[in-house]
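Report on the structure given below.
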Amino acid sequence: MAELNWTDAQWQKINDAVTEAFGKASVASAFVPMYGPLTGSAEVVRNERLLEHGTTISLDKDHKAVNLPLVNLTVKVKLSSEQIADETLSNALLAFRRAANILALEQDLVVLAGYARGFPDENSTFVTNQIGPQKGLADLPARFDFDLLGFPASVDALGQSVVGAAVRAMNTLETASNPAPFACVLGNNLYEAVHNPSSSLVLPADRVTPMLKGGPLLRSGKIDGDTGIVVSLGGNVVDIVIGVPPTVQFLQRDEDAKFLFRVYMRFALRIRDNVRRPVAGFRVADAAKIALEGTQLRALR
């Protein structure tokens, strides 16, 4: 650290900028409850799941995924001597904010699409530790079982279909003891559809939002564009465990005399009920897409 000659105030400025930039860019942190941070050495987190036997509720601590590994996401930043020496750190802040933005978007990808649970391009390339498959809220196995909306004749009709699908998803969740408030996250195409005015000049989004009972209606580019999910927030059955929050660490000075940093975090998504899942989804998909997904699922098994 002495090599940098940064004051405590400058370090604080960097860390504050990273925290702020991550929070602005993250969709997952806008609706999934957070737990932590854990001790810095933690590499796994307990994932005991809810069980129901008649009228009795217990926690299953004997399933094979009870020790859930934390995902390590890392973005590297390289700065010159001039950028390090600048008292305002203006260029350094720009680079660290971009790293934090990437970190947030990659966390969204893992939370929504999982890891090693679908197509190769759904796996974050910023994961730096060796982990097995990680479940996502809308990963390929989950999407394959989501309700199909078919292909509405127009964007107007699609928006109305999303409203109906969201209502059915909420009903499914409540039937499984996963109550409101709800969060609804839509892929790009469905989000566009619900913000296209209907013939009565009412936005479908304006019909969905009140039904969420205070939860958010969000868009993410890290979920399949023709997919939407509704998540129950009533019992914290879904959460994100933060092992290490977004953090800046100086690594070394490289052979080009550049200063190398990493911006990293450790986290895990926990879905605490494998039977009465707190997530319900819907999607638009044709026969060819479904066949391709089926082939990929068989290859993963």
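The values are calculated or read from the model by the stated rules, or taken from the named source; none is laboratory data. Just so it is clear, the structure is predicted and the values come from calculations on it, not from any experiment. Reconstructed Cβ throughout: ideal geometry from the backbone, glycine too, with neighbour counts over all protein chains shown.
Here is a yes/no grid of residues against (1) part of a helix (DSSP H, G or I); (2) under 24 Å from Ala21 (Cβ atoms); (3) in contact (Cβ under 8 Å) with a residue 24 or more places away in the chain:
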{"residue": "Glu106", "(1), (2), (3)": "yes, yes, yes"}
{"residue": "Gly118", "(1), (2), (3)": "no, no, yes"}
{"residue": "Thr125", "(1), (2), (3)": "no, yes, no"}
{"residue": "Asn129", "(1), (2), (3)": "no, yes, yes"}
{"residue": "Ala138", "(1), (2), (3)": "no, no, yes"}
{"residue": "Arg143", "(1), (2), (3)": "yes, no, yes"}
{"residue": "Gly150", "(1), (2), (3)": "no, no, yes"}
Residue check: is Val163 within 30 Å of Gly40 (Cβ to Cβ), surrounded by 15 or more Cβ atoms within 10 Å (Cβ to Cβ) and at pLDDT 95 or above?
no
So which residues in region 158-186 are of a type outside the set (A, V, I, L, M, F, W, C) and part of a loop (DSSP other than H, G, I, E, B)?
Ser177, Asn178, Pro179, Pro181
Subset of region 1-14, residues over 16 Å from Leu260 (Cα atoms) and surrounded by 13 or more Cβ atoms within 10 Å (Cβ to Cβ), comes to Gln10, Lys13
Out of region 125-139, which residues are within 25 Å of Ala291 (Cβ to Cβ) and in contact with a helix residue (DSSP H, G or I) (Cβ under 6 Å, 6 or more places away or on another chain)?
Gly136, Leu137, Ala138, Asp139
Can you pull out every residue in region 216-267 that is closer than 25 Å to Pro69 by Cα, over 15 Å from the mean Cα position of the chain (by Cα), surrounded by fewer than 21 Cβ atoms within 10 Å (Cβ to Cβ) and not basic (Lys, Arg)?
Gly235, Asn236, Val244, Thr247, Val248, Gln249, Phe250, Leu251, Tyr264
Kindly indicate whether any position in region 261-277 is polar (S, T, N, Q) and under 27 Å from Gly114 (Cβ atoms).
yes
Long-range neighbours under 8 Å by Cβ, at least six apart or interchain, first residue under 30 Å from Pro181 (Cβ atoms) within region 277-301, second part of a helix (DSSP H, G or I) and of a type in the set (Asp, Glu):
Ala285/Glu293
When region 1-24 is examined, which residues are found to be within 23 Å of Asn129 (Cα to Cα) and of a type in the set (A, V, I, L, M)?
Val18
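Provide a single number: the residues in region 19-43 that are closer than 30 Å to Glu82 by Cβ and out of contact with any Leu (no Cβ under 8 Å at 6 or more places or on another chain).
Here is the first cut: in region 19-43, the residues closer than 30 Å to Glu82 by Cβ are 19-25.
Next, only the ones that are out of contact with any Leu (no Cβ under 8 Å at 6 or more places or on another chain) stay: 19-21, 23-24.
Counting residues in region 19-43 that are closer than 30 Å to Glu82 by Cβ and out of contact with any Leu (no Cβ under 8 Å at 6 or more places or on another chain) gives 5.
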